[in-house]
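Just so it is clear, none of the values below were taken in a lab; they were calculated from the coordinates. The model shown is predicted, which means the values in this text are computed figures rather than measured ones. As a convention, Cβ positions derive from the backbone with ideal geometry for all residues, glycine included, and neighbour counts pool all protein chains shown.
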Amino acid sequence: MFEIDVSFGRRDIMKRLSVPILLLILACPAQAGLYIWVNGQPPDSEIYVLPSETLVLSIVGDGLTPWFDGLMLVEGPASITGHTMVHTGSLSYYWDEGCPPGYICLDEPLIWLRECCFPRLTDLSSMEFANDLPSPPLTGLLVTDIIFHCEYPGDVTLWLLDGATGEPFDIVTIHQVADPPPPKLPDLFTHTVSDRFTPVQLSPSEMLSIRWLGSNNGTVCIPEDPWCFEQFGPANGPWVEAVFLSKNGILDNGDILLGTVTFAGSLSPGGSHEVETQFQIPADCPLGNYKVIVYIDYVPTEPAGCIQETNETNNWTLCQGTLSVIPRFATFYVDDDAPGDPGPNDPAVSDPLEDGSNEHPFDAIQEAIDTVIDRDTVVVLPGTYAEDINFLGKNIVITSTGPTNSAVVKATTIDGTVTFRGTEDPNCTLTGFNINGPIAGYDWEIDPAGENHTHATISHCILENICTGCGQLIYACDGTISHCLIANISYMCLRAPPVPQIVACHGLIENCTMANMHDGIELFPGGTCTLRNCIFYRSFWVILTSEATLNISYCDIYSPSGMALIIGAVNWGPGNISSDPCFVRVGTSGGDGDYHLKSQAGRWDADEGRWTIDEMTSPCIDAGDPTRPIGSEPFPNGGIINMGAYGGTEEASKSYFGKPPCETIIAGDVNGDCAVDLRDFWFIALHWMQDNSPG
């Protein structure tokens with residue numbers, strides 16, 4: 001037997017033990033690993049114990065060493081008693097008091113260990129785990145049922161020391177407290193790698209699909225020690241999770257909220273839940289590139305959210321990738337008797353593949369409106385659509401297949417009321433329809449007071465042979481009404497006349513023909529209306545309040561009976577006349593008219609579908625505003641737009657200069673009078689540098 005001194009490293013502890021020489025040779029290497037477990041689990045770095053509680057300690061091996069010889073020291077007001085030996089090695093032992101057989105132990109070991117380096121030492125145990133050679137590694141549970149007794153108050157530190165080197169293998173701190181410690185706050189966050197959204201290009205009003213993972217950052221492993229954890233508490237709902245679009249990639253007041261979901265459950269530390277949902281891109285979302293932000297525990301008025309957390313600033317994350325919001329210009333079709341429709345002219349019986357495509361069109365206009373989004377176009381094929389339609393505030397284009405072809409317009413009929421929400425802008429367009437009902441510029445069910453007037457564009461429509469209740473054929477349309485024919489409009493009302501048909505339309509009415517329209521136009525207080533290049537034929541009333549403004553220029557106001565009455569002040573501009581417009585045929589209550597203008601140079605015959613020559617020429621030809629573009633008027637067109645509904649279109653009557661039209665078009669002959677002269681130069685100068693290109 002030899003007497004050996006073993007240094008305890010930085011503690012300078014001298015543990016004088018008399019051991020067999022074999023033990024010296026096979027001493028445990030310094031990198032070996034044994035650990036103290038508490039209540040059958042690897043402990044947190046800090047443990048809280050009440051005075052009445054006991055803990056069960058265990059010694060566990062990590063499989064890196066075949067030998068261990070060392071001590072477990074208790075520093076602080078506590079003690080350890082008892083044990084159950086699990087390891088069955090022939091040289092293994094565990095002593096919680098006294099010395100093992102064959103050892104010469106120090107007298108009063110607690111006393112000299114306190115004096116040396118552990119002034120708070122209150123208890124110790126010694127142990128050895130070894131087998132006969134060759135020895136398998138020490139793995140798993142070695143000793144258990146070591147009872148830790150709390151002796152409140154005070155904190156306790158448990159040391160597991162290597163007897164060969166004196167280095168600590170494990171240190172566990174136990175806090176003995178009078179009351180249970182408050183649970184640590186949870187910490188919510190999102191895993192960026194799990195954030196996903198599709199598609200990466202969308203248009204306003206389209207749907208964004210998105211998935212994210214909401215987590216409770218409840219257990220964070222300390223890198224230096226894989227057995228040591230920092231524990232947080234559970235995150236208990238409900239809380240709100242929100243998705244934003246951000247131009248700058250920063251959560252701030254400039255973001256667009258797409259939508260929210262509510263999580264009503266609970267996430268334990270380390271727990272998570274996955275959300276997969278869809279949100280609609282707002283119809284008014286500005287175009288451009290965005291970052292998508294997911295914000296966990298979102299409350300608009302409380303930056304800290306619904307639940308208290310360790311870190312309130314890490315609850316939002318940028319999803320990977322960029323979302324581009326781009327314009328959409330989709331086209332949908334409507335046909336009441338398409339080839340695949342099993343119930344022609346019956347919207348209740350539809351094509352089972354109906355999707356608004358050219359091959360499988362909708363059979364009702366409202367179906368298309370319900371489907372489309374802003375900037376989309378709805379093309380309606382000829383037919384009679386017995387339905388009321390509502391634009392629903394969408395800035396869309398609804399058009400016939402030929403809005404400047406009078407035959408197509410006449411054959412594409414909306415047999416009902418047209419209603420706008422009142423929020424539409426000029427990009428919203430209704431063009432090329434025969435309408436057998438009133439047009440309302442606001443939705444009385446949503447806005448009963450009519451505070452909002454639509455600014456939609458209405459063009460190339462026919463409203464003919466309609467009897468209204470008490471007027472108001474067109475009401476509250478503050479946008480542009482152009483190239484429309486309004487004829488033979490009557491009313492059945494007990495109210496004394498006048499009963500106006502165009503009411504509270506405070507915008508621009510241009511190139512419209514209004515014939516036998518009883519009883520004219522009425523403006524509301526504060527409204528301004530401009531009439532330009534229009535023809536008013538018979539029974540024309542204009543009713544103005546003292547605060548309303550009406551501007552009239554380049555219009556023909558004619559009534560054979562002399563009844564063209566204006567109540568209120570009018571701003572009379574240039575170019576107004578009062579002459580018979582020389583329509584081809586004025587309609588009656590029982591039949592439609594033909595309101596093309598007669599011309600000795602050529603007039604479009606809508607009934608025959610060809611050009612014809614008349615015995616007279618209308619004074620409304622080349623009588624419009626000379627600063628306005630002539631549009632699609634055929635040559636010779638005089639270089640000036642015609643008055644009336646067909647002015648500026650391919651059906652405009654041709655200009656007559658007192659002789660047959662030129663057989664040969666001369667370069668530089670702008671007005672088509674067979675000569676190039678100062679008149680042509682005047683036209684060029686009048687329109688010099690004008691740019692009417694689309695967009």
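Other residues whose C-beta falls under 9 angstrom from the C-beta of Arg328 contribute a net charge of -2, scoring Lys and Arg +1 and Asp and Glu -1.
With a cut-off of 14 Å between beta carbons, the residues surrounding Ile210 carry a summed charge of -2, where Lys and Arg count +1 and Asp and Glu -1.
Based on the reciprocal of the average 1/r between different C-alpha atoms, the Kirkwood radius for the stretch 631-684 equals 11.4 Å. Centroid-to-centroid, using Cα positions, the stretch 566-607 and the stretch 642-657 are 11 Å apart. Peptides 349-356, 332-339, 576-583 ranked from most to least packed give 332-339, 576-583, 349-356, packing being the mean of other C-beta atoms within 10 angstrom over each peptide's residues. Note on Gln690/Asp447: beta-carbon distance plugged into 1/(1 + (r/R0)^6) with R0 of 35 Å gives a FRET efficiency of 0.35. Between Glu547 and Thr301, the simple label model (points 7 Å from Cα in the Cβ direction) yields a spacing of 3.6 nm.
Might you report the magnitude of the Cβ-based charge dipole of the chain about its Cα centre, with Lys and Arg at +1 and Asp and Glu at -1, to the nearest 20 debye?
Charge dipole of the chain: 1780 debye, to the nearest 20.
Shown here: Cα extents along the principal axes in Å, derived from the displayed model; of the candidates (i) 144, 57, 54; (ii) 74, 60, 42; (iii) 80, 71, 48, it corresponds to (i). Under a 5 Å amide H cut-off, with hydrogens placed 1.01 Å from N, Asn488 pairs with Asn465, Ala515, Asn516, Met517 among residues at least 5 apart or on other chains. Helix-only arithmetic for the chain: the sum of -39500 (n - 2.57) across DSSP H runs with n ≥ 4, divided by the residue total, places the mean residue ellipticity at 222 nm at -1500 deg cm²/dmol.
Restricting to bridges with both residues inside the chain, how much of the DSSP beta-bridge set is antiparallel, in percent to the nearest 5?
Roughly 55 percent of the beta bridges in the chain run antiparallel, per DSSP.
Extension gain for the segment Glu312 to His149, taken as residue separation times 0.36 nm less the Cα-Cα distance, is 54.8 nm to one decimal.
Remark on Asn390: its backbone amide H falls under 5 Å from those of Thr419, a criterion applied only to residues 5 or more positions apart or on other chains, H modelled at 1.01 Å from N. Quick one: grab the alpha carbon gyration tensor of the stretch 452-582, order the square roots of its eigenvalues as a ≥ b ≥ c, and give me rounded if a/c is under 1.5, else prolate or oblate depending on whether a/b is larger than b/c. The shape class here is rounded.
Using per-residue counts of other Cβ atoms within 10 Å, averaged over each peptide, order 634-641, 607-614 from highest down.
For the peptides 634-641, 607-614, the packing ranking is 634-641, 607-614.
Among residues other than His460 with Cβ under 13 Å from its Cβ, the summed charge is -2 (Lys and Arg +1, Asp and Glu -1). Rounded if a/c is under 1.5, else prolate if a/b is larger than b/c, else oblate: which is the stretch 360-417, with a ≥ b ≥ c the root eigenvalues of its Cα gyration tensor? Prolate, because a/c is 1.5 or more and a/b exceeds b/c.
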